[in-house]
1. Looking only at the range 340-365, which residues are at pLDDT 95 or above and either among the aromatic types (Phe, Trp, Tyr) or open to solvent by 20 Å² or more (accessible area, probe 1.4 Å) (or both)?
2. Return the pairs, sorted by first residue and then second, in which the second residue is of a type in the set (A, V, I, L, M) and open to solvent by less than 40 Å² (accessible area, probe 1.4 Å), the first residue lies in the range 567-579 and is farther than 16 Å from Ala597 by Cα and in the same structural domain as Glu536 (by the TED database), the beta carbons are less than 9 Å apart, and the residues are 6+ apart or on different chains.
3. I'd like to check something: does the range 368-380 contain any residue that is of a type in the set (A, V, I, L, M), modelled with pLDDT of 95 or more and under 22 Å from Gly163 (Cα atoms)?
4. Quick one: in the range 144-177, which of the residues that are part of a loop (DSSP other than H, G, I, E, B) and among the charged types (D, E, K, R) is surrounded by the fewest Cβ atoms within 10 Å (Cβ to Cβ)?
5. Can you name the number of the only condition in (1) touching a residue at least 24 places away in the same chain (Cβ under 8 Å); (2) closer than 19 Å to Arg360 by Cβ; (3) not polar (S, T, N, Q) that Gly554 fails?
6. I'd like the residue in the range 101-143 that is modelled with pLDDT of 95 or more, of a type outside the set (A, V, I, L, M, F, W, C) and assigned to a helix (DSSP H, G or I) and, out of all such residues, is most open to solvent (accessible area, probe 1.4 Å).
7. Consider the range 630-647. How many of its residues are open to solvent by less than 50 Å² (accessible area, probe 1.4 Å) and more than 18 Å from Lys602 (Cα to Cα)?
8. Please state which one of Glu583, Glu555 is more than 21 Å from Lys602 (Cα to Cα) and loosely packed, with under 15 Cβ neighbours inside 10 Å.
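The values are calculated or read from the model by the stated rules, or taken from the named source; none is laboratory data. What you see is a predicted model, and the numbers here were worked out from it, not measured in a lab. Here the Cβ positions follow ideal geometry from the backbone for every residue, glycine too, while neighbour counts run over all protein chains shown. Quick note on the areas: whole protein, heavy atoms, side chains included, nothing else; ligands and nucleic acids left out. Shrake-Rupley method; radii C 1.70, N 1.55, O 1.52, S 1.80 Å.
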Amino acid sequence: PREFWGDIAKEFYWKTPCPGPFFRYNFDVTKGKIFIEWMKGATTNICYNVLDRNVHEKKLGDKVAFYWEGNEPGETTQITYHQLLVQVCQFSNVLRKQGIQKGDRVAIYMPMIPELVVAMLACARIGALHSIVFAGFSSESLCERILDSSCSLLITTDAFYRGEKLVNLKELADEALQKCQEKGFPVRCCIVVKHLGRAELGMGDSTSQSPPIKRSCPDVQISWNQGIDLWWHELMQEAGDECEPEWCDAEDHSSSCTPVAPQANPRVWFTQLGATCSMMLYVATTFKYVFDFHAEDVFWCTADIGWITGHSYVTYGPLANGATSVLFEGIPTYPDVNRLWSIVDKYKVTKFYTAPTAIRLLMKFGDEPVTKHSRASLQVLGTVGEPINPEAWLWYHRVVGAQRCPIVDTFWQTETGGHMLTPLPGATPMKPGSATFPFFGVAPAILNESGEELEGEAEGYLVFKQPWPGIMRTVYGNHERFETTYFKKFPGYYVTGDGCQRDQDGYYWITGRIDDMLNVSGHLLSTAEVESALVEHEAVAEAAVVGHPHPVKGECLYCFVTLCDGHTFSPKLTEELKKQIREKIGPIATPDYIQNAPGLPKTRSGKIMRRVLRKIAQNDHDLGDMSTVADPSVISHLFSHRCLTIQ
C-alpha cells in the first residue's frame, strides 16, 4: 500500500509534504485504540485539487464539469470548470462571512441541482464539514442529522418537483429547525436557494442559478424567518470571486460528514468522519480505473448526492479526474420510462452507473423503452448499492449494453468511501452477480464464526485485513462505537457485516448482510440467493425474502413478489415459484409463504425496507420510524393481503 498509494499521491498538490510515516494503523482492539493515518502531517485542500488545478494547471476551465438535467425534459444547463470554481469561491466567501470556520459542520438539504455541488465544494474549500441530507428525508430525519453533527448552518431550497410530486423543502426545513430549537440546539442561519421560482440562467455574468422551470407551478407559500433565513442569490451577488483555500492536514476531518446506518441497528443513524486524503486519493483512483476513464468521456452516476455514492462518484471522483458528468434532478420513470435512455443519447453518455433497484424497476416495462433509443455512446455499465441478481445483470448486459458493454458490479459501503471489490472493464472476465476481485491494495478475507481465515472456496464473514485511504476514521463524537461496530467482533480486521462466498476461481459473491441470513432447520440460507432464484422466473420483476417464525423449522421463508406487466398471481404461479427455488437452491429453501406485492416498501432512494417486510410477515403493526418510506400506502396494502401464517 505504501508504494502504490505513494505514487498516486504524487499526482496531487500538497502544500506541505508528509513529514513522517506515510501509513500507520491499528485494527486490533486488544492492542489499543483503533486508528488509521495516511500521510499525517501533509497539508492539502481537496477543492483546490479538483477545481483550481484543473482550471489553472490542466487548462480545463472551458471544459463542461456538469450537464444539468432538471426534473422536466427541456430544463437543462451546463457549468464549466471555470464557472464552477468562481461560484465555489463566491459561496466560500459567503460561508466565511456567516462565521463558518475550519471544523464547523454545515447541513445541506437540497435536491440534485448545481448549487448542491457548489455548497459541498465550498465547505471543503474552507475546511468545514458538510453533512448532506437526502432531500427525500422528513423534517424529523433532518433534525436528527443536524443534532447528530452539531451543524451551525443549514443550506436548503424553496421547493422542487420529484416527478409529479411537489416538495415544499423550505417548509420541511423550517419544521426541522423548530424541532432543533425545542431540543435546545438553535441553528443560527438558513441559506435558501430560490429554485422553483428561479430566474433565467446566464443573466449578466451570473451562472449561479438553474434555468427557469418549464411547468406551471401552484402558488407555493415560502415562509420566512427574519434573522435566520437568507437568500442564496442575494448573498452571492455581494460575494467576491476569489477565496484562498484552507490548507488542511491529510488526516483532518474536513471533507465528509456522512450519515450512516450501523450494522448493529439499521434504524439508528450516526455520523461518520472521513479525511481529506481519503476522499481525494481513493475516489479519484477508483473512478479512474473502475470506469476506465478517458478525457473525452461523459460519465453519469444516477445516485443522489445525499448518499455516499453521490459524494464519491457524482462529485469528488469525477471532478478529481477532470471529467464531464451528468447531474440529474428527476426520476427514471418521469415523464415516462424512456427518460434515462433519452438522457444517455442526449449527452452521449459513455459510462453509466446505477442501482440494481433501478434496473429491476425498468425491466418490468420490457425491452422496447430501451431499444427505441440508440445508446451507441455507451462503453461501460456499472451497478452499485446492493448485490445484483443474475437475471437483472443479464438484462442490463443484453438490452441496455447491447451485449457489448462490460459491467462493473461494485461492492463497497458508506464506511469504505469507495469501491472495494469490482471487476475492471475489459480486463476481468465477468460473472453475472459477482463483485469479482479486490481493488488495488485492498486485502479481503473470509472468516468463519471462530474468526479463522478460510482458504480457497469458502463462505462466511467478509472482512478486510488492512486499511485503504477511503476508510472512515471514526464516528463523530463516539469513537468507542466505531471500534465496537467494526472491529470488536474479529480483532485485527475491519468487519463489513456482509456474508460472502468465494468460488473456485477466486471470485467474490456478496450474499447479503449477515442479519439477512436465515436459519431454516439448522441450514443458513441467504435471502439474496432466494430472491435471485425467484426473479429468474419470467413472471417476477422483483422479490424480497424475510424470515418468519416456524414451530418446527425455527424459521421459514416468507416471500414478497412483484410481477411483470401481463402476468397474474395465482396458485399455479405460486407452485411454479416454489418448484423453481427447490431446483435452484434445494428443498430446504422452499418458501412456506409467497405473497403478491404490487409494490414493495422502499426508502425514497429505492432501498427495500426489509425490517418493515418482517413486521408485515408477522402481522406486527408496530413499525417504528417510518419517516423514510416513499409510499406508505404500499404497506397498508401488504398488511391487508398478507398470507395466513402459523407460528
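1. Of everything in the range 340-365, those that are at pLDDT 95 or above and either among the aromatic types (Phe, Trp, Tyr) or open to solvent by 20 Å² or more (accessible area, probe 1.4 Å) (or both) turn out to be Trp341, Ser342, Asp345, Lys346, Tyr347, Lys348, Phe352, Tyr353.
2. Note: pairs meeting the criteria are Glu576/Ala539; Lys578/Ile594.
3. yes
4. Top of the filtered list is Glu164.
5. The single condition Gly554 does not satisfy is (2).
6. Pro114
7. 2
8. After applying the criteria, what remains is Glu583.
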